[in-house]
Amino acid sequence: MRLRASSAAESASAAVRSTFARSDWLNRSASTRFWEAEPGRGVGDLEPAGGTGTAGLRVGSQEGDIKESDGPPGATSPPEGVRPALPSAGRETGTGRTGFTITDAAHARVGRLAAARHARRRGHCARIASGTPASGPGPATRAMRLSKSKYIRGLQCHKSLWLYSFRKDLIPEVPPSLQAIFDQGHRIGELAWRRFPGGSLIEDDHDHIPEAIESTHAAVSAGKGILFEAAVIHDGVLVRPDVLVRVKGQKSWDLVEVKGATGVKDVYVEDAGVQKYVLEGAGFPIRKTSLMVVNSEYVRRGDVDPLGFFVLKDVTAKVAAIQEDIPGRVREMRAVLARKDAPDIDIGPHCRDPYDCEFIHHCWEHIPDYSVFDLCRVRYEKIRPLLDRSILLLQDIPADFPLTKAQQLQVEVEKSRKPRVDKAGLAAALEEPRYPLHFLDFETINPAIPPYDGLRPFQQTPFQASLHVQDEPGGPLKHLEYLGDARSDPRPALARFLAEAIGPSGSVVAYNAAFEGGRLKELAEAFPEHAERLASLRERLWDLAAPFRQCLCVHPAFRGRWSIKAVLPALVPGMGYDGLAIAEGGAASIAYLNLMEGKLSKAEERKTIAALKAYCGQDTLGMARLWEALRKLAACPA
């Protein structure tokens, strides 16, 4: 069975991509630059470079690197008037609008300059959404180009590369949760600049690639030792390296790629690999390639220290090992972009590995809303035989097809459209909790850059708690809550709230209790004055999700899931999250971060606070209602 999408399907969604995406950065140039500069310093030599003289610079060209057309894919002749945009000799950085330097004494300028760049890029996204053209090369010309991000996209899927280049109208609007990830990544990049004092930022964005190339040329010509986001082209591929550092006493550079993660992934090596390929082809000999990742062991004490926050991982050997593969890959991707239609590529694991593709809604539109892909804990390799037989619906799965116990129950429930309840098992599970019951839920933030002292990167930091208390079976519920003020660390007051609001007896009921347990442990470690009471709460935790995870209750409406969002509406009709201004944890995190950053007006702040309280309160009220629903299903006596 060919699992391709209908070519007629189109989305009316706005064509908005990441504010900081670099996918369309490429000058209309038919040449490769060869830059050879005098030595400066390397990653291990971060003292200010001596002297202010101009480095020797050699600029050459290699014809035939890029062939582009303003016409549709398949056109081979460049439009009349297109010519290489060579940088002007003698341009000085620090003057005009396209280049500037971050000196040791001017770190305060970083935030201001970054803010200006953010505003410019937000304007670019607004133009895309509204259909307003930007200055510079037309959309068809841009679509034919390769950049680092397009190269990585092409490694994942050639169809995604083609669709991204020619069918941006199919890309849904960037959701706030994804935009928050983009914004966080950019903050990490700005912090990384402080790791390399005296660096020169090439400010020009993807709407001003000729200027970016000119600024890069000028910075190298002026003998700058550290470059941020230099613009370099070779073999028709544009890259903007995060950091380039001259090696002291050598005619070579160190390449540093900054990642907002704590480890090295294969895709990061590919990312650095194509940058090395382009840089060396353009005359930047690379001595060492490093990934600068977040140090998971870093603990904030005072101002964030970029030296402690980041750790350098040497990937020189790994990057060298893939260099010979890159020219062939680039040729393949050019051939893809020369096509008049998208390649015919099946859906599969590559749709989400290493990144979620924006075109899943398009390529997967022929897959039913509830399908074999929704089997619980299923791997693609397992369902591939079903797909080869054109079996997409659960009710069409043959009786002899191998399934786990949980998957088998899911299929049986779907075929019968009747819930399955293990009453004996459920009754035994519900005997464990002891009254009074304390239904507890946290909302958290986990930014890469710790906002308060004592926190690690990406540490889950609770800012809100909701508590519903029931003293006896069938008794009334009492609601208590806490929400931080978004101006100071919310944890001290939260720890005090928990210690005072939850009594010394009775179970603490949470949904996915391991999460709440982890936060209670961290709070106890951070605030020893409450450690004994918080440890007691942790010991008394009972997981309301366990009966669903153990398949003691399986309902057709669960669709193989057991999150509270799936379970609550099915077992407590009329109760769910529809209509709430904030309806999931990611949105709650973003809302609180907006409060912290002072992005909202007073009226918006009041609405956000009310929405946060309504959402977290719905979680604990929903847990209490689920508890009662399970007791009825198990026929537990009162």
Taking the alpha carbon gyration tensor of region 313-355, what are the square roots of 5 times its eigenvalues, largest first, to the nearest whole Å? 26, 18, 7
Square roots of five times the C-alpha gyration tensor eigenvalues of region 431-481, ordered largest first and given in whole Å, equal 33, 11, 7
D (µm²/s, integer) via Stokes-Einstein for region 365-440, Kirkwood Rh across alpha-carbon pairs, 10 °C, 1.306 mPa s: value 107 µm²/s
Note the full-extension length gain between ARG329 and ALA531 as 0.36 nm times their separation in residues minus their Cα-Cα distance, in nm to one decimal. 67.1 nm
Report the local net charge at SER505: Lys and Arg +1, Asp and Glu -1, summed over other residues whose C-beta lies under 9 Å from its C-beta. +2
Would you please calculate the Kirkwood hydrodynamic radius of region 166-239 over all C-alpha pairs and express it in Å, rounded to one decimal? 14.6 Å
Grab the alpha carbons of region 210-273, take their convex hull, and tell me the volume per residue in Å³. 110 Å³
Using θ = phi - 60° and Karplus 6.51 cos²θ - 1.76 cosθ + 1.60, couplings along region 373-382 (whole Hz; Gly, Pro as x): 5, 9, 4, 5, 6, 9, 9, 4, 4, 6
Over region 290-332, volume per residue of the alpha carbon convex hull, in Å³: 89 Å³
Using the per-residue mean of other Cβ atoms lying within 10 Å as a proxy for protection, in what order, highest first, do the peptides 393-402, 541-550, 425-434 fall? 541-550, 425-434, 393-402
Which residue, PHE196, SER177, ALA222, has the largest displacement toward the positive end of the dipole of region 177-237 when charges sit on each Cβ (Lys, Arg +1; Asp, Glu -1)? PHE196
Can you give the extra length, in nm with one decimal, that the chain gains between SER505 and TYR452 once fully stretched, where that is 0.36 nm per residue apart less the Cα-Cα distance? 15.8 nm
Plugging the Cβ-Cβ distance of LEU307 and HIS361 into 1/(1 + (r/R0)^6) at R0 = 45 Å yields, to the nearest 0.05, a FRET efficiency of 0.55
For ALA231, which sequence-distant residues (separation of 5 or more, or a different chain) have an amide H within less than 5 Å of its own amide H, given hydrogens modelled in the peptide plane? THR216
Suppose every K and R has +1 on its Cβ and every D and E has -1 on its Cβ; what is the size of the dipole of region 527-586 about the Cα centre, in Debye to the nearest 20? 260 debye
Under a plain spin-label model, where a point goes 7 Å from the Cα along Cα-to-Cβ, how far apart in nm are MET575 and ARG352? 2.9 nm
Region 218-293 versus region 575-638: alpha-carbon centroid distance in Å: 45 Å
Taking each pair of distinct Cα atoms in region 159-295 once, what is the resulting Kirkwood hydrodynamic radius in Å? 16.3 Å
Fraction of beta bridges assigned by DSSP in region 146-259 that are antiparallel (%, nearest 5): 70 percent
Please list the three semi-axes, largest first and in whole Å, of the ellipsoid equivalent to region 450-516, using sqrt of 5 times the eigenvalues of its alpha carbon gyration tensor. 27, 13, 10
Take each of the peptides 237-243, 381-387, average the number of other beta-carbon atoms within 10 Å over its residues, and list them starting from the highest. 237-243, 381-387
Taking the Cα centre as origin and putting +1 on Lys and Arg beta-carbons and -1 on Asp and Glu beta-carbons, what dipole magnitude results for region 315-389, to the nearest 20 debye? 260 debye
Percent of Cα pairs exceeding the 15 Å cut-off, where the set is region 508-596: 69 percent
On a straight-distance basis, which lysines could pair with LYS382 in a cross-link, Cα separation under 30 angstrom, same-chain partners fewer than 8 positions away excluded? LYS159, LYS265, LYS405, LYS415, LYS418, LYS565
For region 254-298, just say rounded, prolate or oblate: build the C-alpha gyration tensor, square-root its eigenvalues into a ≥ b ≥ c, call rounded for a/c under 1.5, and beyond that prolate if a/b exceeds b/c, oblate if not. prolate
Classify region 350-507 from the C-alpha gyration tensor, please: rounded if a/c falls under 1.5, else prolate or oblate depending on whether a/b exceeds b/c. oblate
Measure off 7 Å from each Cα along the Cα-to-Cβ vector at ARG420 and THR316, then give the distance between these two points in nanometres to one decimal. 5.8 nm
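No value in this document is a laboratory result; all are computed from the given coordinates. Every value quoted in this text rests on a predicted model; they were computed, and no experiment measured them. Using ideal geometry, Cβ is built from the backbone for each residue, glycine included, and neighbour counts are taken over all protein chains shown.
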